[in-house]
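Written out below as structure tokens is the structure these notes cover.
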Amino acid sequence: MDYKNDIGYRRETLKKLLYNIQKSEDLIVKTLYDDFKKPEFEAVLTETNYVISELKDTIKNIHKWARRKRVFPSILNFPSTDYIYKEPYGNVLVISPWNYPFQLALCPLIAAVAAGNKVVLKPSELAPNTSAIIAKIIEKAFHVNHVEVIQGGVEVSNKLLAQRWDYIFFTGSVAVGKIVAKAAAEHLTPVTLELGGKNPCLIDETANLKLAAKRIVWGKFINAGQTCIAPDYILIQKDMKINFITYLMEEITKSYGKKMDKSPDFARIINTKNWVRLTNMIQNEKVIFGGEMNAETHYIAPTLIEEPNLDSPVMQEEIFGPILPILTYETEGDIANIIKRYEKPLAFYIFSDNPTFAKKLIKNYSFGGGCINDTVIHFSNKRLPFGGVGHSGIGAYHGQLSFDVFSHHKGVVKKGNWLDLPMRYAPYKDKLPTIKRLLDWM
Ligand code: NAD
């Protein structure tokens, strides 16, 4: 079991993992439904299929990604050949959240294994059925001394964080991200922090409103709004608001029917604590659509709120649920006044047919990633880095970048012995002008 040095062994274990996931796919989908009624379509698209595709890609490319890379040498070192070696960090801790409990646990784990690390995964206690099935699948695919799942809540998480790790990959809230960063600092352990934020969704006067409404409804209400990159609030040019709201209502009804609580395509809130947090956000707001709720089933309807006060609870923190506030702007100054109230978001969405305006916004505002004329879909391209900036996170992953995240990149120069230029050696007398000319020329 030489996972550190034997890339073939790593590949075989990943193939075993793929086999076990494919064999249990129906069960995983059912489990996700048991945890919070995640619709089958969403479970396949955003969880099982996503992981399977990531696994296949990793299995296909692992040898290429792990290979030492030759880079162009510096003329100062002539003659030399220069390489980057990918070295596994060692012991990796992955802590994952409940909202995409399968995908957000498995994807970092796959990359950490591919890169040659030993991995401990602590999945979320709030999606207990999914955590249990993850543990069973991992047990079948890996030796316990290679990859282990440790289930539990905050206490278990804290015990793990108190240990020394060579890398910690955390996905979750900003508040817990800070706890993880502090624990990691104790041993100078490098971290990736995939966190959240208040993601603006800006719509200008040139946007195709009907199409925008359709794409926003999908990105906002998938997983009942419990998506880190869901649009958090709408910021729309004032004159467009009435038409846009009409389209939004039409699209919501088209997607989930008139009796939205009966829709098989709409998930539930994960637990009572989050349900109460979200229902409190709706109190005292101007609800123009939805607003129905059920404490027993943790249901909250897709809900639209018009022009909330910026000091109200719904505009204070990340919503992370099926509530969409609609705010308006008239000038670019209004846009800045609202967006700059918040920390740098994980995602930013612009609906506009004016490329100059869209480019200006992308340059003016710092955010993790985003889309022009759509929502959420940037997540699905393996060739795009996915991660936050500032309070929305540290580091990024996906595709080959995930492999690189879990590898130390070791730069090595192999010096040739057939020539030894005298320039750098003492005594330095008279050599400085030549070295300066050489550096200038470079
Ligand atoms: P969370 O931070 O409460 O929990 C995440 C993990 O941390 C869980 O495994 C949990 O057991 C553990 N944890 C919780 N409290 C802890 C504590 N005090 N000390 C140590 N460990 C603790 O997050 P969540 O509620 O599971 O997920 C929702 C949050 O995650 C949202 O803010 C969302 O934006 C964010 N998120 C981000 C991404 C991303 O890719 N950037 C993806 C999904 C979710």
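Of (1) touching a Phe, Trp or Tyr at 6+ places or on another chain (Cβ under 6 Å); (2) closer than 20 Å to GLU139 by Cα, TYR89 satisfies all except one. Which?
The number of the failed condition is (2).
Looking at PHE41, is it modelled with pLDDT of 95 or more, of a type in the set (Phe, Trp, Tyr) and in contact with a helix residue (DSSP H, G or I) (Cβ under 7 Å, 6 or more places away or on another chain)? Lay out the reasoning, then the answer.
Values: modelled with pLDDT of 95 or more: yes; of a type in the set (Phe, Trp, Tyr): yes; in contact with a helix residue (DSSP H, G or I) (Cβ under 7 Å, 6 or more places away or on another chain): no.
Answer is no for this residue.
Residues of region 336-387 being aromatic (Phe, Trp, Tyr) and in a loop (DSSP other than H, G, I, E, B), which ones?
Of the residues in region 336-387, the ones aromatic (Phe, Trp, Tyr) are 342, 348-349, 351, 357, 365, 367, 379, 386.
The answer is TYR342, TYR365, PHE367.
Condition check ((1) in contact (Cβ under 8 Å) with a residue 40 or more places away in the chain; (2) in the same structural domain as GLN283 (by TED's automatic domain parsing); (3) aliphatic (A, V, I, L, M)) across all residues:
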position: GLU307; (1), (2), (3): no, yes, no
position: THR328; (1), (2), (3): yes, yes, no
position: ALA336; (1), (2), (3): no, yes, yes
position: LYS340; (1), (2), (3): no, yes, no
position: PHE348; (1), (2), (3): yes, yes, no
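Might you check whether a residue that is surrounded by fewer than 23 Cβ atoms within 10 Å (Cβ to Cβ) and outside any loop (DSSP other than H, G, I, E, B) occurs anywhere in region 263-271?
No, because not a single residue in region 263-271 is surrounded by fewer than 23 Cβ atoms within 10 Å (Cβ to Cβ) and outside any loop (DSSP other than H, G, I, E, B).
For a quick check of your reading of the model, give me the residue pairs whose first member lies in region 21-39 and is charged (D, E, K, R), whose second is outside any helix (DSSP H, G or I), with beta-carbon atoms closer than 6 Å and at least 6 apart or on different chains.
Cβ pairs passing all conditions: ASP35/ALA127; LYS37/ALA267; LYS37/ARG268; LYS38/ALA267.
Being part of a loop (DSSP other than H, G, I, E, B) and either within 13 Å of the ligand (Cβ to nearest atom) or free of Cβ contacts under 8 Å to residues at least 12 places away in the same chain (or both) is the filter here; which residues of region 107-159 pass it?
Start the filter on region 107-159 by keeping residues that are part of a loop (DSSP other than H, G, I, E, B), which leaves 115-117, 123-127, 142-146, 150-153.
Selection gives PRO123, SER124, GLU125, LEU126, ALA127, VAL144, ILE150, GLN151, GLY152, GLY153.
Would you be able to say whether some residue in region 67-78 is surrounded by 14 or more Cβ atoms within 10 Å (Cβ to Cβ) and aromatic (Phe, Trp, Tyr)?
Looking for residues that are surrounded by 14 or more Cβ atoms within 10 Å (Cβ to Cβ) and aromatic (Phe, Trp, Tyr), one finds none in region 67-78, hence no.
Within region 28-56, how many residues are surrounded by fewer than 18 Cβ atoms within 10 Å (Cβ to Cβ) and in contact with a Gly (Cβ under 9 Å, 6 or more places away or on another chain)?
The qualifying residues number 0.
Do the conditions hold for ALA184, that is, is it out of contact with any helix residue (DSSP H, G or I) (no Cβ under 7 Å at 6 or more places or on another chain), within 20 Å of ILE377 (Cβ to Cβ), more than 9 Å from the ligand (Cβ to nearest atom) and modelled with pLDDT of 95 or more?
Criteria not met by ALA184.
Of all residues in region 162-176, which are near the ligand (Cβ under 8 Å from one of its atoms), surrounded by fewer than 22 Cβ atoms within 10 Å (Cβ to Cβ) and either over 21 Å from GLU318 (Cα atoms) or not β-branched (Val, Ile, Thr) (or both)?
Quick first cut of region 162-176, residues near the ligand (Cβ under 8 Å from one of its atoms) only: 170-176.
Filter again for surrounded by fewer than 22 Cβ atoms within 10 Å (Cβ to Cβ), leaving 173-176.
Correct list: SER173, ALA175.
Give region 272-291 a look and list any residue that's part of a loop (DSSP other than H, G, I, E, B) and touching a helix residue (DSSP H, G or I) at 6+ places or on another chain (Cβ under 7 Å), or say none.
Restricting attention to region 272-291, the residues satisfying the condition of being part of a loop (DSSP other than H, G, I, E, B) are 283-286, 290-291.
Correct list: GLU285, GLY291.
If you go through region 385-423, how many residues are touching a residue at least 24 places away in the same chain (Cβ under 8 Å) and farther than 22 Å from LYS86 by Cα?
Residues that pass the stated criteria total 10.
Out of the residues in region 111-140 that are surrounded by fewer than 24 Cβ atoms within 10 Å (Cβ to Cβ) and closer than 22 Å to SER407 by Cα, which is nearest to the chain's Cα centre (by Cα)?
Residue satisfying both the conditions and the ranking: LYS122.
If you go through region 187-207, how many residues are more than 10 Å from the ligand (Cβ to nearest atom) and of a type in the set (Gly, Ala, Ser)?
Of the residues in region 187-207, 1 are more than 10 Å from the ligand (Cβ to nearest atom) and of a type in the set (Gly, Ala, Ser).
Out of region 378-418, which residues are within 19 Å of ASP166 (Cβ to Cβ), within 13 Å of the chain's Cα centre (by Cα) and of a type in the set (S, T, N, Q)?
Once the filter is applied, which keeps residues that are within 19 Å of ASP166 (Cβ to Cβ), within 13 Å of the chain's Cα centre (by Cα) and of a type in the set (S, T, N, Q), region 378-418 yields only SER402.
Go through region 147-161 and give me each residue that's surrounded by 14 or more Cβ atoms within 10 Å (Cβ to Cβ) and of a type in the set (A, V, I, L, M, F, W, C).
Residues satisfying the conditions are VAL147, VAL149, ILE150, VAL156, LEU160, LEU161.
Would you mind finding the one in ASP265, ASP261 that is of a type outside the set (Val, Ile, Thr), modelled with pLDDT of 95 or more and touching a strand residue (DSSP E or B) at 6+ places or on another chain (Cβ under 9 Å)? Please lay out each step first, then the result.
Numbers: ASP265 fails: touching a strand residue (DSSP E or B) at 6+ places or on another chain (Cβ under 9 Å).
Of the residues listed, the single one that is of a type outside the set (Val, Ile, Thr), modelled with pLDDT of 95 or more and touching a strand residue (DSSP E or B) at 6+ places or on another chain (Cβ under 9 Å) is ASP261.
Return the only residue of SER312, SER352, SER366 being crowded, with 16+ Cβ neighbours inside 10 Å and among the polar types (S, T, N, Q). Outline the logic, then answer.
Numbers: SER312 fails: crowded, with 16+ Cβ neighbours inside 10 Å; SER366 fails: crowded, with 16+ Cβ neighbours inside 10 Å.
Of the residues listed, the single one that is crowded, with 16+ Cβ neighbours inside 10 Å and among the polar types (S, T, N, Q) is SER352.
Among the residues of region 216-250 satisfying the criterion of being surrounded by 20 or more Cβ atoms within 10 Å (Cβ to Cβ) and more than 21 Å from GLU307 (Cα to Cα), which is nearest to the ligand (Cβ to nearest atom)?
Looking at residues that are surrounded by 20 or more Cβ atoms within 10 Å (Cβ to Cβ) and more than 21 Å from GLU307 (Cα to Cα), I get CYS228.
The values are calculated or read from the model by the stated rules, or taken from the named source; none is laboratory data. This structure is a prediction, so every number in the text was calculated from the model and none was measured. Because the Cβ atoms are built from the backbone with ideal geometry, glycine has one as well, and the counts that use them run over all protein chains shown.
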